[in-house]
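The values are calculated or read from the model by the stated rules, or taken from the named source; none is laboratory data. Quick caveat, the model's predicted, so the values are computed rather than measured. Neighbour counts are summed over all protein chains in view; Cβ atoms, including those assigned to glycine, are modelled from backbone coordinates with ideal geometry. Accessible surface is based on the protein model in full, side chains and every heavy atom, while ligands, DNA and RNA are left aside. Shrake-Rupley method; radii C 1.70, N 1.55, O 1.52, S 1.80 Å.
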Amino acid sequence: MSRARAFFGATSAIVAFGLVLQLALVLSRDSSEGAFAETPARIVNFFSFFTVQSNCLVAVTTGLLALNPDRRSTVFRVLRLDAVLCIAVTGVVFHLALASLQELTGWDALADFILHTLSPILAVLGWLLFGPRGQLSPRIVRLSIIAPVGWLAYALLYGSIATDRNGNDYYAYPFMNVQVHGYAVALLRCALVAALFLGLAFAALALDKRLPGPRRA
């Protein structure tokens, strides 16, 4: 097995473990803990987080690359770029704005470390080292913005219809809580996150043209 396939396979396995561990921890908590008491609501809420969706993309795309590094479809190229950039944004936003909001220990701390720190490092490092190169274009970059913008719209809609055990609208992240900040501030912050993603996408396009490695058109 090539170094690239081994790295992608290890990344996929580690991230998948982190996701399963985090979900198990969420489901194992007492019904009196957390924002939601019912198991279905907890599962929906779990998969509504940008962090979880980003890590799912990383686990799936690196797993596919481990099986076959020579994937060239437009859909895969978009998903690959989304995985790398979404998890990079996850790591940046978490460590700049969210990490100080919680203190975790034990398995919770391990799951948190995998999903917010180790996964971004492995995903970005894997792309820098192994690519695959030459699969980005302005069209791929434009298509890649659909997923994160779609998630932002979903998260705002979800927050307006999902209520926690106290009857409050539930937003995945404090910075987009419309009840607290109002729509103007929440939308501005969402726009800044989208701008960060778009900037990283075009930076990845420019960098991809300069990084060494085999290129697959």
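Taking amide H as placed 1.01 Å from N in the peptide plane, R133 has its amide H under 5 Å from the amide H of R216, each at least 5 places away in sequence or on another chain. Summing Lys and Arg as +1 and Asp and Glu as -1 over all other residues whose Cβ lies under 10 Å from the Cβ of L136 gives a net charge of +4. Using a 7 Å offset from Cα along Cα-Cβ at L128, what residues in region 35-76 end up with backbone N under 19 Å from the label point? Residues passing the 19 Å test: 58, 62.
Using the Kirkwood radius over C-alpha pairs as Rh, can you work out the diffusion coefficient of region 102-217 via Stokes-Einstein at 25 °C, viscosity 0.890 mPa s, in µm² per second?
Numbers: Rh = 16.9 Å.
Answer, rounded: 145 µm²/s.
The GNM of the chain, with springs linking C-alpha atoms under 10 angstrom apart, assigns the highest mean-square fluctuation among G199, G34, G106 to G106.
Working ranking of peptides 124-137, 75-88 by packing, defined as the average number of other Cβ atoms within 10 Å per residue, highest first, is 75-88, 124-137.
Entry for region 4-154 at q = 0.10, 0.13, 0.18 Å⁻¹: log10 I(q)/I(0) = -0.36, -0.61, -1.09, Debye formula applied to identical alpha-carbon scatterers, no solvent contribution.
Where does the Debye-calculated log10 I(q)/I(0) of region 147-199 sit at q = 0.13, 0.15, 0.20 Å⁻¹, using only Cα point scatterers of equal weight, no solvent? Log10 of I(q)/I(0), two decimals: -0.30, -0.39, -0.66.
At 1.4 Å probe size, with the rest of the protein present, what percent of the exposed accessible area of the chain is carbon and sulfur atoms? Don't skip to the answer; put the middle values down first.
Numbers: 7380 of 10940 Å².
So the carbon and sulfur contribution to the accessible surface is 67 percent.
Take the Cβ atoms of N168 and Q102, set R0 to 22 Å, and the FRET efficiency comes out at 0.75. The slack in the chain from V180 to L207, taken as 0.36 nm per residue of separation less the alpha-carbon distance, amounts to 5.8 nm.
What is the local net charge at V180, summed over the other residues whose Cβ is closer than 15 Å to its Cβ (Lys, Arg +1; Asp, Glu -1)? Here the charged neighbours net out to -1. Coupling constants for region 69-82 follow from the phi torsions by the Karplus curve (6.51 cos²θ - 1.76 cosθ + 1.60, θ = phi - 60°), and in residue order they are x, 9, 9, 10, 5, 4, 4, 5, 4, 5, 5, 5, 5, 4 Hz; glycine and proline get x.
Only alpha carbons enter this Debye calculation for region 74-121, each as an equal point scatterer, and the log10 of I(q)/I(0) it gives at q = 0.14, 0.28 Å⁻¹ is -0.40, -1.00.
Projected label points at N68 and L157, each 7 Å from Cα along the beta carbon direction, are separated by 3.3 nanometres.
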